[in-house]
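Here is the structure we will look at, set down as structure tokens.
The values are calculated or read from the model by the stated rules, or taken from the named source; none is laboratory data. The shown structure was predicted, so the numbers you read here are calculated from the model rather than taken from an experiment. Reconstructed Cβ throughout: ideal geometry from the backbone, glycine too, with neighbour counts over all protein chains shown.
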């Protein structure tokens, strides 16, 4: 589709349902031809009362309020599949759906408890787990390499590494952070982290319908970033990357920004000779929605994996632009219990089944939501002995040792 | 129906609690306060009654860090008035707080008489659940604690109330209004309020401020804290190590040694 080559639109926080028709993105919604490709490609399209196509239909008919009181949009995991396939190039995921979702939040009679807790925790503690912010950088103490924290040493750094919540608090995420730190260290990257001052970038607030929450976090993070001096921001989280790239510019964000995978890819010449250990894994790579479909980084993670001696790469049926979301986006990370009550198979299980079918030993991922989601899915499917989940950085770090 | 909800802030145990250098109080260096969970349920119960029977909800709280956000959040959820009580000691005993409130509430215009006064039946720093019954006593009103359901009948000026007992037992009571009820849980968990709504309330609504009269500032307390300390462990779990065979042997030894084999 031609519109994939055009850079994704940086949407403004100022777009509302009231002024939608005065904006370019809004007027594009009017060009919908009701073809239903969005509904057909949506991973949960068959359980939605109002898939994207119907939402546009309701909007045009002036019946959008019926969508507000429906639970349909609770099934949207903000995976960008509809936007990527829309023949009109309508930015459903980035523009229209969050606006409607915000109204659903205000009207839904019962909010799923798990989601409510995650949002309340994110506001109060800066992370959805509800952990003390003073423990956010605890993982760095056992990283094995020196990690500078800006609040302790405010000298200019080349890279501000924005670690994000799951890679700070979840044990598996902490492993990923340690692996990333090791890679930065051996590549001689001059980096520092925000440590306990860091709070969630707020992307899921936006796509989980809570614009007030994401605005609060954006204001906080903009003020925090202004305190320190660095040349660029590198973030492990594709979701934080999306937040900084598409949402923060409205508050004046104009720092150079990279996600870990393309960042490491740019160092491949220096990295490859250090990857000495042979890892005889058959690995299948899962394209993350944010990194892949939304930002077109498909080949970089694959090249990194191919640089590891002994790795054999196999593709799943749905790869690259056709990837099936792990189900973590758009608030999905905190809706597993809700989906269970609806007897809906989680997307992570659907995808894990596809991964197991490739016969690979390792499912490689690059997004902070995916590790725990796929490990859980493999356990549920009884396939956790056949296949393990590893982040691309973990595999690279593993190949470093000799 | 007019319902008063009494809220208070308690230590947030997400942060590690440390004893202050005086050995008698909590260190405030990293202490954060959070609304008492039972009081949050009391507010939810009040809002549910308002939704069913109409009327107004008045929220009252003693000033403390972060209470303003809690009060604005209550307004955003649907409360009609939010009153912040200023002055007085930061730490009050349950009895002190109850007596103070009982003296103060009648002096605030438009607050009493109310049909119901709801507050949490317990708090982290009031595990005995004394504040609510003492308040009822001081106001000369009936009291029921550990309430998990309220069916109000405003026309007949009474309420049917479910009270929890140990062992999963429930009691059903009929109580004439006005009454004080100590809430264990509302019928639904405290509702979510979007951050944008709270922000809007902070801009468009006002908190009322009522000062504790100087005469009441120094209330005699009959309880004095002598020492505050963390529990000391008198024993630890013994971690066994070894190969599976060695471990099996050790476990057998322990069981035999205690006459269990």
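Here is a yes/no grid of residues against (1) in contact with a strand residue (DSSP E or B) (Cβ under 9 Å, 6 or more places away or on another chain); (2) within 24 Å of residue B:1 (Cα to Cα):
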{"residue": "B:158", "(1), (2)": "yes, yes"}
{"residue": "B:178", "(1), (2)": "yes, yes"}
{"residue": "B:211", "(1), (2)": "yes, no"}
{"residue": "B:241", "(1), (2)": "no, no"}
{"residue": "B:252", "(1), (2)": "no, no"}
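Condition first: crowded, with 23+ Cβ neighbours inside 10 Å and touching a helix residue (DSSP H, G or I) at 6+ places or on another chain (Cβ under 8 Å). Now tell me which residues in segment B:8-51 satisfy that.
Hits for segment B:8-51 are B:8, B:35, B:43.
Just checking, which of A:257, A:251 is modelled with pLDDT of 95 or more and within 28 Å of residue A:154 (Cβ to Cβ)?
One residue alone meets the criteria, A:257.
Is one or more of the residues making up segment A:244-256 out of contact with any helix residue (DSSP H, G or I) (no Cβ under 9 Å at 6 or more places or on another chain) and within 14 Å of another protein chain (Cβ to nearest Cβ)?
No, because not a single residue in segment A:244-256 is out of contact with any helix residue (DSSP H, G or I) (no Cβ under 9 Å at 6 or more places or on another chain) and within 14 Å of another protein chain (Cβ to nearest Cβ).
Would you check if residue A:120 is within 11 Å of another protein chain (Cβ to nearest Cβ), part of a helix (DSSP H, G or I) and surrounded by 20 or more Cβ atoms within 10 Å (Cβ to Cβ)?
No; evaluated as a whole, the condition is false for this residue.
Return the only residue of A:159, A:189 being more than 14 Å from chain B (Cβ to nearest Cβ), in a loop (DSSP other than H, G, I, E, B), surrounded by 17 or more Cβ atoms within 10 Å (Cβ to Cβ) and in contact with a strand residue (DSSP E or B) (Cβ under 7 Å, 6 or more places away or on another chain).
A:189
With B:79, B:89 as the choices, which residue is assigned to a loop (DSSP other than H, G, I, E, B) and modelled with pLDDT of 95 or more?
That would be B:79, the only listed residue that is assigned to a loop (DSSP other than H, G, I, E, B) and modelled with pLDDT of 95 or more.
Within the set of pairs 6 or more residues apart or between chains, which connect a residue that is within 22 Å of residue A:113 (Cα to Cα) and within 12 Å of chain A (Cβ to nearest Cβ) inside segment B:187-207 to a residue that is at pLDDT below 95 and in a loop (DSSP other than H, G, I, E, B) with Cβ atoms less than 7 Å apart?
B:192/A:111; B:194/A:210; B:195/A:210
Which of the numbered conditions does residue B:64 fail, given that it passes all the others? Conditions: (1) modelled with pLDDT of 95 or more; (2) surrounded by 15 or more Cβ atoms within 10 Å (Cβ to Cβ).
(1)
If I filter segment A:125-138 for residues that are within 30 Å of residue A:187 (Cβ to Cβ), away from chain B (no Cβ under 14 Å) and crowded, with 18+ Cβ neighbours inside 10 Å, do I get at least one hit?
Yes, segment A:125-138 contains at least one residue that is within 30 Å of residue A:187 (Cβ to Cβ), away from chain B (no Cβ under 14 Å) and crowded, with 18+ Cβ neighbours inside 10 Å.
Surrounded by 21 or more Cβ atoms within 10 Å (Cβ to Cβ), within 14 Å of chain B (Cβ to nearest Cβ) and out of contact with any helix residue (DSSP H, G or I) (no Cβ under 7 Å at 6 or more places or on another chain): is that true of residue A:105 in this structure?
The answer is yes for residue A:105.
Any residue in segment A:220-234 that is within 29 Å of residue A:325 (Cα to Cα), outside any loop (DSSP other than H, G, I, E, B) and within 14 Å of another protein chain (Cβ to nearest Cβ)?
Taking every residue of segment A:220-234 in turn, none turns out to be within 29 Å of residue A:325 (Cα to Cα), outside any loop (DSSP other than H, G, I, E, B) and within 14 Å of another protein chain (Cβ to nearest Cβ).
Which residues, taken from segment B:93-114, are part of a loop (DSSP other than H, G, I, E, B) and buried (at least 19 other Cβ atoms within 10 Å of the Cβ)?
Result: B:93, B:111, B:114.
Of the conditions (1) buried (at least 21 other Cβ atoms within 10 Å of the Cβ); (2) part of a strand (DSSP E or B), residue B:84 satisfies every one except a single condition; which number is it?
(1)
Which number in (1) surrounded by 17 or more Cβ atoms within 10 Å (Cβ to Cβ); (2) in contact with a helix residue (DSSP H, G or I) (Cβ under 9 Å, 6 or more places away or on another chain); (3) over 28 Å from residue A:127 (Cβ atoms) marks the one condition that residue A:325 misses?
Unmet condition: (3).
Which residue is farthest from residue B:9 (Cα to Cα), if the candidates are limited to segment B:101-128 and must be free of Cβ contacts under 8 Å to residues at least 60 places away in the same chain and under 15 Å from the mean Cα position of the chain (by Cα)?
By that ranking, first place goes to B:128.
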